[in-house]
Amino acid sequence: MEQQFDTSKIGMWLFLVTEVLLFGGLFVGFGMMQARYPQEFLEAHEHLQRPLGALNTVVLLISSFTMVMGVLSAQRNDKKKLVMYLILTIICACIFLCVKYFEYSHKFEEHLLPPRWYQAQPGDTVRDAAGNVSHGYGTFFAFYFMMTGLHGFHILVGIFLLAWIAIRAHRGEFSSKYYTPVDLVGLYWHLVDLIWIYLFPLFYLIK
Amino acid sequence: MEWLRSLMLPPQGSQFAGEVDNVYMGLFWLCGILFVGIAAAAIGFAWRYRYKPGRVTPHQTHNTTLEIVWTVIPLLLCVAIFFWGLNGWMKYAVAPGEAMEIQITAKKWLWQFEYPDGTRTANEIHVLVNKPVRFVMTSEDVLHDFFVPDMRVKHDIVPGRYTEVWFTPTVLGTHHVTCAEYCGKGHSDMQAKLVVDNEADFQKFMETGGTEWEDYKMKPAEWGRIQYERKGCSTCHSIDGSRIASGGPSWKGIWGKMEKLNDGKEVLVDADYVRESMMQPQAKIVAGFDPIMPTFQGLLREHEIQGLIAFIKSLGNNPNGGPPAPTVLSLPPKPAGASGASGTTGTK
Amino acid sequence: MANTLTSRGKIADHPRPEVNYLNASKGIWSWMTTVDHKRIGVMYLVGVLTAFLMGGIFALFVRLSLLNPKHMLFGKVLMSAETYNRVFTLHGVIMVFLFIIPSIPAALGNFVLPLMLGAKDVAFPRLNLASFYLWVIGAVMAICGMIFGAIDTGWTFYTPYSTTTSGTVTLMVMAVFILGFSSIFTGINFVATVHKLRAPGMGWFDMPLFVWGIYSTAIIQVLATPVLGITLCLLALERVFSIGIFDPKLGGDPVLFQHFFWFYSHPAVYIMILPGMAIISELIPTFSRKTMFGYRAVAYSSVSLALLSFIVWGHHMFVAGQSQLATVIFSALTFLVAIPSGVKMFNWLGTMYKGNISLETPMLYAISFLLLFGIGGLTGIFLGTLSTDVHLTDTYFVVAHFHYVMMGGTVIAFIGGLHYWWPKMTGRMYTEKWAALGCVLVFIGFNMTFLTQFFLGSKGMPRRYYNYLDQYQPLHAFSTYGSWVIGLGMMITAINLLASLRKPYDAPDNPWGGTTLEWKTSSPPIEHNFEDQPVLERAPYDYRPEPVAH
Amino acid sequence: MSTHEHTHEHGGSGVYVKTLLALLILTILTVAASYIDFGSGNVVIALLIASIKASLVALFFMHLRYEKAVNAVIACSGFLFLGIFLMFCFIDFDTRDDAKALDPQPVMYGPAKPAGAAAASAPAAEAK
């Protein structure tokens, strides 16, 4: 059992590394495009709602805390608390997605979208003689949607995993002797949080 | 060993070729010896120590000294080779300041060259022997690659950017330019000729201005419109009748007209007058304009002048009529070896 | 030579068990739902060999078309430029993504690795099956892309050509994306297996060198493949949504795409060659009956190659428009790769020295590998050296170089390994004479085909050319004749192996006198690999006559 | 199995609460810092704080602090190789010395076709 637990952990960490590199490619792309369109990225990021981003950061951090408390409860054979913490985590995840929904719909209303659909905003200063705005604005939002979208997809997957774990926990399948799935889903959930920790300043804060 | 070099490598056409070939041949011998050693050992051992029932093999797990030796020696060799290659490449990387600059625009599947004076050619390029030449390259569509095997130079051409490559041609005659970055259906047809000329031939080539005009032999007015934009006429002369501030008269409808000059005389706008206006612009100034036009003496070739005349004529004949502009141009002789360029040249 | 086998072939140490992994359960369904690493390995083997056949046929067509510059065959034009571009693209995509990358790790590695470690299965058997199905889905998508459209980008998908050309590029790119995840799952599985499932008594330096090679490969698969995934996603998004990252018309940078692509695809070269080297490290000690010379050096060189492979990708871009500083740095780093490769070569030769070498088919392949990979590796020096690379890159010299490494290296090692483990996998011996003939024909044909291409390239013939100058015709024709010899050799090899399947089980447990654990079970192995958990008594490759405690 | 339980219960709720508090304080800090202009230090500060937060999550929530070393090595390798990727891309982008037009003209879009803009820029650059 110990052996299997260790093996699963190694497998999970390897998987998390692939996730890091998957997002990493997008981070590198973002960095290079930021170097190419510094002014456009600066102006475009003003359209993001910083308070909502901060709120989501706090929500995710709390969800990470409830998750780790869930794992602790499993280690302590406390089934009731485990289920409670898992449900709390799911609630946090849903709040996160709700906030994201409002952010996304705001972007759609304002046509702050990838290049093909981007509509020039009054504050956009990088323009040619005819008044067409630079492609860089749309590229910023393309990256915004790609990266937060991929992240949001991971949250969504996480919700299903958490629900699955919560049901199994409710059935009493986990104990201090066997709680590998709880631990692995926990690791996954923390990674999703960890990626958001980088996404938040990169998109919302950096000038 | 010259025969071996020429067996493996193309003729040497530039100052790079000697050095690149030396490195190549040096590596060839080094790798050849190493390979013969490996092959001799592999085959020799397989024969010398071929299977005999019951033979007991020694239990050699390792030999630290030997292993360090065959790690360190290759490492030193590699460092040496790196610097040898770097040495040749540094020259390739930086073009000398005095190099003639030729602009290359690559597109599917055509090479377009432009000289400093605006002369353009397609799929054929003339350079002067023993003078460094620098190519500034960009692409209109996808990646291409300017590769001249005889010169040992190659560089990708990236759309949206300007990359460069340079060499000093040392051998007269025609060399092959070829596209080395996959660019689609016509990739392998994207060929050009690089002609290395002596001083006299190069002068002759520059005087005739390449081969582009040949496509417009039957359409002199169209050729004139290209010159109108390319030579900068358009900055001062409109073609829609409007007057450009601190510029010259519009060309619309002036053909065959009697123009009033600032000295009170009148002149018929015909081929002679237009030609004179380009060569000696201060000779006759139209009333109401300043004598600000520079002379184009020596900047326009005969076929370009004729094209401009035809273009002005095409912008509207005065019904009173004037002497017709020549419809068939008498053009300078075709440069030797020029090939007909594709019809899409330079009409952007 | 014919009697070497019988002279030392051991009859099964214990009676062959009635039930083995092949007949433990019956029916297609039992195969499709299996989590047995041996069955998954066999399914992978069938898959990759099918892909190899397809890619090989495309290769023969490419060569046939280049037989003469007018592409005439019996008075007809064999293929147009568009068709030619599609055919070489399919050859590249199939060979790289469907065949070579999964060939040794996923097919042979899946079968052999747990056996070598004395394990019952890989760490995550269900993930293993998932990996196989992802491969199947990727392969089906790629084939759909071929049938319902065309793709003419070359296997490198360089932008902006790939973002602007018509055809089923998006579908093909998504297929490769899925194949990438298949590869990642295999990698995760193997790393965890090597870490956790070694037999009792087996320390890291008691592992067979094949395991070291596969382990190093798995590290690359895990670390590099995700970047390929995201690169291809970005490419697909660029095509669909014009996000402006790779296409200069939209303000993107095509050179950035090349960074992204080669950050995966250079390490991928080592995903392809490291397992090949790993097989050779098994074959040479076994057939020399001598312990591996410099075991630790070979093990370390595998890992260091894996790590070095991540910092040299820019040598694919010396003339592509990256900065000159980057070019110089990448060239310097590239030379580092030569060292571990050289160390391996010298250690293999050192192992043969004073050995007791029998030239059965696997060893013939091993010696072919030494010669061909020797040429492939040494010509790499020409391409890593800056001044010569400018002339040679993007020519047939590069084509010849990587075929010497990929085919002369990996494919030769793969077929050698297939012959080595064939008795274990199928329980049958093939006909030695025909197998040797196939090997010799492939070796001769291969050199005919690709040695000529070095000369074509250094003379200035660019790669991916449909039309070529008449002066190259004789060399091209010779190269094409060579491809027919390879085809003939491969055909003989394939028929010989398939014919052996018609026989009853006749392979001994340990036909070659191997020392690693996979030879301690029956041929073919039982469903759970070993009757009893094997315990490592001696280090691998210990050929001393008397058992010595290790 | 008592040792088993013992080895797996790390930290305890006290440590987790402290970690969460630290994370929340750092979040407030980074948001506050974003309203102050440190020039080129903005990026450094934001990424530094993010990295501290990420480390806290990895060390305590993900138990890396208590885990076997191999998991930490795996986790670090991911970031290490991502760093290599980023570093070499930046080396290239930072030191490019194009013959002309160091920074390509920003590509505009709107009514004008990007193709036309790209074609027009070539002669314009030539005239300089």
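Details
- In the range C:161-185, the residues that are within 14 Å of chain B (Cβ to nearest Cβ) and either modelled with pLDDT under 90 or surrounded by fewer than 22 Cβ atoms within 10 Å (Cβ to Cβ) (or both): C:164, C:165, C:166, C:167
Here's the yes/no breakdown for (1) at pLDDT 85 or above; (2) among the charged types (D, E, K, R); (3) part of a loop (DSSP other than H, G, I, E, B); (4) touching a Cys at 6+ places or on another chain (Cβ under 8 Å):
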| residue | (1), (2), (3), (4) |
| --- | --- |
| B:240 | no, yes, yes, no |
| B:243 | no, yes, yes, no |
| B:264 | no, no, yes, no |
| B:274 | yes, no, no, no |
| B:278 | yes, no, no, no |
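- Selected residue (criterion: surrounded by the fewest Cβ atoms within 10 Å (Cβ to Cβ)) from residues of the range B:185-216 that are outside any helix (DSSP H, G or I) and out of contact with any His (no Cβ under 9 Å at 6 or more places or on another chain): B:198
- Annotation note: of C:402, C:397, C:414, the sole residue that is of a type in the set (Phe, Trp, Tyr), under 22 Å from residue C:372 (Cα atoms) and within 14 Å of chain B (Cβ to nearest Cβ) is C:397.
- Qualifying positions in the range A:28-53 - under 21 Å from residue A:133 (Cα atoms), within 18 Å of the chain's Cα centre (by Cα) and among the aliphatic types (A, V, I, L, M): A:48
- In the range B:126-143, of all residues being surrounded by fewer than 21 Cβ atoms within 10 Å (Cβ to Cβ) and assigned to a strand (DSSP E or B), the one that is nearest to the other protein chains (Cβ to nearest Cβ) corresponds to B:134.
- The number of residues in the range B:144-176 being more than 7 Å from chain C (Cβ to nearest Cβ), under 16 Å from the mean Cα position of the chain (by Cα), surrounded by fewer than 24 Cβ atoms within 10 Å (Cβ to Cβ) and of a type in the set (A, V, I, L, M, F, W, C) comes to 0.
- No other residue among B:137, B:206, B:190 is closer than 30 Å to residue C:79 by Cβ and modelled with pLDDT under 95 apart from B:190.
- Restricting attention to the range C:246-270, the residues that are in contact (Cβ under 8 Å) with a residue 12 or more places away in the chain and part of a loop (DSSP other than H, G, I, E, B) total 3.
- Check on residue A:134, in contact with a Leu (Cβ under 8 Å, 6 or more places away or on another chain), within 11 Å of chain D (Cβ to nearest Cβ) and on the phi < 0 side of the Ramachandran plot: no
- Residue in the range C:129-149 that is within 14 Å of chain B (Cβ to nearest Cβ), surrounded by fewer than 23 Cβ atoms within 10 Å (Cβ to Cβ) and not small (Gly, Ala, Ser) present: no
- Among residues of the range D:73-91, those that are crowded, with 19+ Cβ neighbours inside 10 Å, at the interface with chain A (Cβ under 9 Å from one of its Cβ atoms) and within 20 Å of residue C:332 (Cβ to Cβ), counted: 3
- Scan of the range A:159-182 for residues that are within 14 Å of chain D (Cβ to nearest Cβ) and surrounded by 21 or more Cβ atoms within 10 Å (Cβ to Cβ), ordered by number: A:174, A:179, A:182
- Residues that are in contact (Cβ under 8 Å) with a residue 60 or more places away in the chain and within 7 Å of another protein chain (Cβ to nearest Cβ) were ranked within the range C:297-323; the one that is nearest to the chain's Cα centre (by Cα) is C:310.
Matching residues to (1) more than 8 Å from chain C (Cβ to nearest Cβ); (2) surrounded by 17 or more Cβ atoms within 10 Å (Cβ to Cβ):
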| position | (1), (2) |
| --- | --- |
| B:11 | yes, no |
| B:24 | no, yes |
| B:38 | no, yes |
| B:42 | no, yes |
| B:48 | yes, no |
| B:65 | yes, no |
| B:74 | no, yes |
| B:95 | yes, yes |
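- When the range B:184-226 is filtered for residues that are among the hydrophobic types (A, V, I, L, M, F, W, C), out of contact with any Ser or Thr (no Cβ under 6 Å at 6 or more places or on another chain) and farther than 24 Å from residue B:174 by Cβ, the ones remaining, listed by number, are B:218, B:223, B:226.
- The condition (being away from chain B (no Cβ under 11 Å), assigned to a helix (DSSP H, G or I) and either on the phi > 0 side of the Ramachandran plot or touching a helix residue (DSSP H, G or I) at 6+ places or on another chain (Cβ under 6 Å) (or both)) is satisfied by just one residue among C:279, C:243: C:279.
- Number of positions in the range C:197-221 that are within 11 Å of chain A (Cβ to nearest Cβ) and under 16 Å from residue A:15 (Cα atoms): 3
- Residue ranges of helices (runs of 4 or more DSSP H) in the range C:367-457 with at least 2 members surrounded by 23 or more Cβ atoms within 10 Å (Cβ to Cβ) and among the hydroxyl-bearing types (Ser, Thr, Tyr): C:386-392, C:396-405
- For the range B:97-118, a residue qualifies if it is among the β-branched types (Val, Ile, Thr), within 18 Å of residue B:180 (Cα to Cα) and without any contact (Cβ under 8 Å) to a residue 40 or more places away in the chain, and exactly one does: B:105.
- Within the range C:103-115, residues that are more than 17 Å from residue C:521 (Cα to Cα) sit with their Cβ atoms under 6 Å from residues that are part of a helix (DSSP H, G or I) and small (Gly, Ala, Ser), at 6+ positions apart or across chains, in these pairs: C:107/C:41.
- Qualifying residue in the range A:126-139 (condition: in contact (Cβ under 8 Å) with a residue 40 or more places away in the chain, of a type in the set (Gly, Ala, Ser) and buried (at least 18 other Cβ atoms within 10 Å of the Cβ)): yes
- Test for residue C:326: is it more than 10 Å from chain B (Cβ to nearest Cβ), touching an Asp or Glu at 6+ places or on another chain (Cβ under 6 Å) and part of a helix (DSSP H, G or I): yes
- The range D:13-50, residues that are among the aromatic types (Phe, Trp, Tyr) and either surrounded by 12 or more Cβ atoms within 10 Å (Cβ to Cβ) or in contact with a Ser or Thr (Cβ under 6 Å, 6 or more places away or on another chain) (or both): D:16, D:38
- Filtered by the rule that a residue be over 13 Å from residue C:63 (Cα atoms) and facing another protein chain (nearest Cβ under 9 Å), the range C:449-467 gives C:454, C:455, C:458, C:459, C:460, C:461, C:462.
- Within the range A:54-88, the residues that satisfy the criterion of being in contact (Cβ under 8 Å) with a residue 40 or more places away in the chain, part of a helix (DSSP H, G or I) and more than 14 Å from the chain's Cα centre (by Cα) are A:67, A:68, A:70, A:71, A:74, A:75, A:79, A:82, A:83, A:86, A:87.
The values are calculated or read from the model by the stated rules, or taken from the named source; none is laboratory data. Because the structure is a prediction, the values reported are computed rather than measured. Please note: Cβ atoms are built from the backbone with ideal geometry, for glycine as well, and neighbour counts cover all protein chains shown.
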